[in-house]
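Bear in mind these aren't lab numbers, they're just calculated from the coordinates by the rules spelled out. As the structure is a computational prediction, the values presented were derived from the model and not from experiment. For neighbour counting, all protein chains shown are included, and Cβ atoms are generated from backbone atoms with ideal geometry for every residue, glycine included.
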Amino acid sequence: MNLDDFKKLHPKDIGNWPIVPKALALCGLFILILFAGYWFDWQNQLADLDIAKEKESQLRETFISKKKQAVNLDTYRRQLKDLEQAFGALIKQLPNKAEMDALLTDINQAGLGRGLEFELFRPADNETLSGFYAERPISIRVTGNYHDLGAFASDVSRLPRIVTLNEINITPSGQTLTMSAVAKTYRYLDENELAAQKAAQRKSAKEAKK
């Protein structure tokens, strides 16, 4: 068939068309149906399929992560228990507010027990809050011989409560030595103090946003 034969074909008489034009017409109709189906329906379904595949991948990763956690659950529990015990041991080394005076007495007695003479023992009026504990510096100045000063520092480090000696300065004073230092003591905050600290932080955050 040539081009003129195709021009003579009547669209209302497709049933009497030769085989080749019929086949071409059916192919064109099939392609048109496929395109229409893709345009009006399949492309949305394909997009939904891509979203579903991505979600499946995320769920699979989440499942694998949860499975690993479940397999290691006993190990995590033991680690948490160990951390709680360690934290509890540290907390016990921090006195509460009522025990602070006893700790100050212990520091003073540690010096007197070594025969040192206190020229200054002045706890700071204010504490510095940091997280769950408060820090209180004590300015001290003691006089004694070298070995007694060293023994005093060792005794302070072995107190059942945490005490650190900072800004140590030793100067000769006649036949003895004078040691100036800042002893820092720490105590944990009670529930009311923690609540007040959090309230102050929230208030500061709100004021900063204004």
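What number in nm² do you get for the range 95-194 if you take the convex hull of its Cα atoms and divide its surface by four? Orientation-averaged projected area of the Cα hull: 6.2 nm². Annotation for Thr128 and Glu167: the two label points, set 7 Å from Cα along the Cα-Cβ direction, are 1.0 nm apart.
Simple spin-label estimate for Lys67 and Ala23 gives 5.3 nm between the two label positions (7 Å along the Cα-to-Cβ direction from each Cα).
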